[in-house]
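Take a look at the structure set out below.
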Amino acid sequence: MTTTADPPADPPPPALHDHPLLTIERRDALATALQEAAEEPSAGVVRIDEEGETVLEHAWGLADRRHRIAMTPAHRIAVASGAKGFTALTVMSLVADGTLTLDTTARSLLGDDLPLIGEDVTIEHLLAHRSGIGDYLDDDADSAEYLLPDAMSGYVDAEDYLDVLGGHESLFAAGTDFRYCNGGFVVLAILAQRASGVPFHDLVRTRVIEPAGLTATAYLRSDALPGDAAVGYVRVDGVWRTNVHHLPVIGGGDGGIWTTAADMVTFWDALLDGRIVPRELVDDMLRERSAASEDENAYGLGFWLPAPGVVELEGMDASSSFVSRHEIATGRTASVLATTADAAWEVARAVR
C-alpha cells in the first residue's frame, strides 16, 4: 500500500501592506504569526476593521492542497464552535416570537428522549453552558481522534444525534456551575426544530443568516463542497488528511457553519443593530451569566465576553480554528479563520 506525500511547502506569506492604523509593531507581530501558521502548513484569512474601514485583509496558504488552490479572502472557511452563536440566535428568535421562553424546559419538548437530562434544565441553562448535562463530545481530546461512532454521513438532521447524546450522566445541578458543553447546543437544535416544526438548518438560514444579510455563510456538506469553500485538514499518523472522516457531513447545533471574514463584519453589525433579534434580547444574550475564571472568559448566552464591551465567537475542531472579536463601543472587528486546529491562535494573539 502506498501513501501520497505531502505537497511541497508553501512560500512565506507576502509582506503586509502599510496602513495608518496598522503600526509597525502590530505589522511585525502579525507577519511573524502568519509565517508560523504557514509553516504548519495551514491556510486561513485574517481581517481587521476599524473606524469603518478595513485595516487588514490577508490570506495565506492553500485552500485546497490537492489542487494547489491558493487561499483568498473570499474563500469560505468552517468555524467549528463559532456556529454556537448562530444556534443561540436561532433559539432567541423563537423566544422573540413566543414559540419558546428562556424558562422552557428541555423535558417539555424531549418527552421520553434523553432521560438523563434533568427535569429542571431550561433553554437558558443550555444557552449559558450551565445545564450540567453530560457531554457527548470530549472537547479536550486530540483533534486527530475519531470521536463519533458510525459513519459521518449519518449525522445530518438534528434528531440524528439522539443516540450519541444519550447515556451521559449529569455533572452538576442545573444553574449551579459553568461547564462548556457541545451536547447542550445539539440539544438546543433538537428543541428548536421540535418547537417550530422547521428543520434546524432552515431555521438558522431564515432566522439568522438571511436577516443579517450574510451572503457567504451557510451549512455546507463536506462531501459536496462548492469551489469557494476551503478544505479542512487534520494530521493523522504524520499525514495531512481532509476532515471527512472526523466530523459530521453537515454541522449541527454545536458547530459546522462556513463563513468569510467579510461576513463576520456584517454579522456583528446586524447583531448589534437588532436585525437578527430585537436589541433588548441581544443585550440579554450579552449579559454575563458566568464570570471569568482562571481558565475561561465570562460567558453570556451563546457568546464569550472576554472583556467589558467586547464579544467573541471562537471555535476549534479537527480541521478548523476560528475567532472573531468585536468591540461594541468602537465597532472594531478582528477575525481569524484557519483550516487546521491550531493555526488561528497565534495570529489571533498578534491581532489582539
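Does any residue of region 231-248 turn out to be touching a strand residue (DSSP E or B) at 6+ places or on another chain (Cβ under 9 Å), in contact (Cβ under 8 Å) with a residue 40 or more places away in the chain, open to solvent by less than 20 Å² (accessible area, probe 1.4 Å) and closer than 30 Å to ASP273 by Cβ? No.
The rows are residues; the columns are (1) on the phi > 0 side of the Ramachandran plot; (2) part of a helix (DSSP H, G or I); (3) surrounded by fewer than 18 Cβ atoms within 10 Å (Cβ to Cβ); (4) not acidic (Asp, Glu).
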| site | (1), (2), (3), (4) |
| --- | --- |
| ALA189 | no, yes, no, yes |
| ALA192 | no, yes, no, yes |
| ASP202 | no, yes, yes, no |
| LEU214 | no, no, no, yes |
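Only residues that are part of a loop (DSSP other than H, G, I, E, B) and either among the polar types (S, T, N, Q) or open to solvent by less than 70 Å² (accessible area, probe 1.4 Å) (or both) were counted across region 274-290, and they come to 6. Checking each residue in region 297-334 for being among the β-branched types (Val, Ile, Thr), out of contact with any helix residue (DSSP H, G or I) (no Cβ under 8 Å at 6 or more places or on another chain) and in contact (Cβ under 8 Å) with a residue 60 or more places away in the chain picks out only THR330.
Would you check if there is a residue in region 33-49 being open to solvent by less than 40 Å² (accessible area, probe 1.4 Å), part of a strand (DSSP E or B), more than 27 Å from ARG241 (Cα to Cα) and of a type in the set (Val, Ile, Thr)? Checking region 33-49: at least one residue is open to solvent by less than 40 Å² (accessible area, probe 1.4 Å), part of a strand (DSSP E or B), more than 27 Å from ARG241 (Cα to Cα) and of a type in the set (Val, Ile, Thr).
To keep it simple, each residue is scored yes or no on (1) more than 15 Å from VAL156 (Cα to Cα); (2) under 17 Å from the mean Cα position of the chain (by Cα).
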{"residue": "GLY197", "(1), (2)": "yes, no"}
{"residue": "ARG205", "(1), (2)": "yes, yes"}
{"residue": "ILE209", "(1), (2)": "yes, yes"}
{"residue": "THR217", "(1), (2)": "yes, yes"}
{"residue": "ARG221", "(1), (2)": "no, yes"}
{"residue": "PRO226", "(1), (2)": "yes, no"}
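The helices (runs of 4 or more DSSP H) falling completely within region 98-186 that include 1 or more residues that are over 24 Å from TYR299 (Cα atoms) and open to solvent by 40 Å² or more (accessible area, probe 1.4 Å) map to 107-110, 162-165.
The values are calculated or read from the model by the stated rules, or taken from the named source; none is laboratory data. Here the structure is a predicted model, which means the values were calculated and not measured. Heads up, the Cβs are rebuilt from the backbone with ideal geometry, glycines too, and the neighbour counts pull from every protein chain shown. Surface accessibility is based on the protein's heavy atoms, side chains included, excluding ligands, DNA and RNA. Shrake-Rupley method; radii C 1.70, N 1.55, O 1.52, S 1.80 Å.
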